[in-house]
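Q: Take this structure, written in C-alpha cells, and hold onto it; I'll ask about it next.
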Amino acid sequence: MPGAEAQERVARGDAGRFVMVAGHGSVEAAPDDAEISTGVVTEAATARGALSANSAAMRKVIDGLKAAGLSAGDIQTQQFNIQPRYRAYKDRPQEIEAYSVRNQVAVKVRDLARLGEILDQVVTLGANQASNITFNVSDAERRKDAARKLAVENAMHRARLLAEASGARLGPVLTITEEVLGVRPPRPMVARSSMSAESVPIESGSETLSVRVEMSFALE
C-alpha cells in the first residue's frame, strides 16, 4: 500500500486492522557557537540628540567587535527604535520630557571559548543592554539522524509489543510521520554595569536534540 494512499485509508479508518504508535528519540550534543543580543540605549532632550549619541556609541561597539575578529556577516541589527518619554501632570496634558533611542544587534560568536571575552568587550566598548544568549549546534540536522533512528526503533518496539499483547502479528509499515519539535528558548543573560578584568563566566552545557515520529503498522 503506497504511503500517501495508506495514510488516506488509515485516516478514513478502512485500512483493515492496524496499530498506530508514537516513538521518541533524543541525543545530546555540545553547542559549538552562540548568539548574543546586545546594544545601546541613550536618552536626550531631543530625538536628534538621542540619535546622535546612540549612533556614536553603537559605531564604537560594532567597530570594536570587528577589530576583535568578528566578521561583518556575524553582526546584524536586530532592533532600532526612537521613543518619547512623557511626564504626566494632574492639571494639564502630559508633555514629552525626553527621547530614548535603542539600537540592538545580534552577534554570532563562532568560537565559544571567546564568548565570555566578547561579553566583557561589548560592555567595555559602551553597550548597556544585553538580553539573551542562544547556544546552537551547527550540524543539528545531521546529529538528529541518530535521534530519528532511535525514535523509529522506539515506535517499532511499542507497536510490536502491542501487537503481541493483542494476539496479532506486526505487519508492514503503513505510514510514518516526523513531528518537528519546538526549539528551546534562549537562555536569559544579564550584563553587569561594571565588569572585572576577568571574562564573564559562561557555561554552555549541552543541547537535547529530540525527534518524535508517528507510525502505523498493519496487523496480521
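Q: Can you run phi through the Karplus equation (6.51, -1.76, 1.60; θ = phi - 60°) for segment 51-68 and list ³J(HN,Hα) in whole Hz, with x for Gly and Pro?
A: 5, 4, 5, 5, 4, 5, 5, 5, 5, 5, 5, 5, 4, x, 5, 5, 5, 7
Q: Taking 41 Å as R0, compute the FRET efficiency from the Cβ-Cβ separation of residue 112 and residue 158 and round it to 0.05. Let's see the in-between values first.
A: Numbers: r = 38 Å, r/R0 = 0.92.
Plugging the Cβ-Cβ distance into 1/(1 + (r/R0)^6) gives 0.60.
Q: Sticking with this one: Once both labels are modelled 7 Å past Cα along the beta-carbon direction, what's the residue 48-residue 95 spacing in nm?
A: About 2.0 nm separates the two model spin labels.
Q: Suppose each label sits 7 Å from its Cα in the direction of the beta carbon; what would the residue 83-residue 124 distance come out to in nanometres?
A: Going from the residue 83 label point to the residue 124 one covers 3.1 nm.
Q: Could I ask something else about it? What's the extension gain from residue 75 to residue 179 if we count 0.36 nm per residue and subtract their Cα-Cα distance?
A: Working: separation 104, 0.36 × 104 = 37.44 nm, distance 3.22 nm.
In short, 34.2 nm is gained.
Q: Hey, another quick one. Among 103, 70, 81, pick out the residue whose Cα is farthest towards the positive end of the charge dipole of segment 33-136, where Lys and Arg carry +1 and Asp and Glu carry -1 on C-beta, about the Cα centre.
A: Projecting each Cα onto the dipole axis, the largest value belongs to 81.
Q: Please report the relative contact order for segment 33-136, taking Cα pairs under 8 Å with a sequence separation of at least 6, and give it as a percent rounded to a whole number.
A: Numbers: 192 pairs, mean separation 50.8, N = 104.
Across segment 33-136, relative contact order equals 49 percent.
Q: Mind checking which lysines have their C-alpha under 27 Å from residue 108, skipping anything on the same chain fewer than 8 residues away?
A: Excluding near neighbours in sequence, the set is 60, 66, 144.
Q: Got a sec? How would 219, 125 order by Cβ neighbour count within 10 Å, fewest to most? Walk me through the intermediate numbers first.
A: Details: 219 16, 125 19.
By the 10 Å Cβ count, ascending: 219, 125.
Q: Also, quick follow-up: Please identify every one of the trypsin sites (Lys or Arg not before Pro) in segment 81-115 that sits in a loop by DSSP and has no more than 12 other beta carbons within 10 Å of its own beta carbon.
A: On the way: sites: 85, 87, 90, 102, 108, 110, 114; in loops: 90, 110.
Loop-located and lightly packed - 90.
Q: Here's another thing I want to ask about it. Give me, ordered by chain and number, the residues 5 or more places off residue 168 or on other chains with an amide H under 5 Å from its own placed amide H.
A: The answer is none.
Q: Shifting gears a bit: Report the extension gain between residue 166 and residue 17 in nm, rounded to one decimal, defined as 0.36 nm multiplied by the number of residues separating them, less their alpha carbon distance.
A: Values: separation 149, 0.36 × 149 = 53.64 nm, distance 1.16 nm.
Taking 0.36 nm per residue and subtracting the Cα distance, the gain is 52.5 nm.
Q: Which of the chymotrypsin sites (Phe, Trp or Tyr not before Pro) found in segment 85-115 are in a DSSP loop and have at most 14 neighbouring Cβ atoms, other than their own, within 10 Å? Don't skip to the answer; put the middle values down first.
A: On the way: sites: 86, 89, 99; in loops: 89.
Those that pass, being in a loop and sparsely packed, are 89.
Q: I'm checking a number: the convex hull volume of the Cα atoms of segment 47-89, normalised per residue, in Å³. What is it?
A: On the way: hull volume 3.4 nm³, N = 43.
That works out to 79 Å³ per residue.
Q: Could you go through segment 127-132 in sequence order and give the Karplus-derived ³J(HN,Hα) for each residue, using 6.51 cos²θ - 1.76 cosθ + 1.60 with θ = phi - 60°, rounded to whole Hz, and x for Gly and Pro?
A: 5, 10, 9, 8, 10, 9
Q: Rounded to the nearest 0.05, what FRET efficiency do residue 68 and residue 142 have when you use their Cβ-Cβ distance and R0 = 41 Å?
A: Numbers: r = 30 Å, r/R0 = 0.73.
Computed FRET efficiency for residue 68 and residue 142: 0.85.
Q: Quick one: work out Rg over Rh on the C-alpha atoms of segment 33-136, Rh as Kirkwood radius. Walk me through the numbers on the way to the answer.
A: Details: Rg = 16.3 Å, Rh = 14.7 Å.
Over the Cα atoms of segment 33-136, Rg/Rh equals 1.11.
Quick note: the coordinates plus some simple rules give every number you see, no bench work behind them. Bear in mind that the values here come from a model prediction, so they are computed numbers and not experimental data. Glycine also receives a Cβ, built like all others from the backbone with ideal geometry; neighbour counts cover every protein chain displayed.
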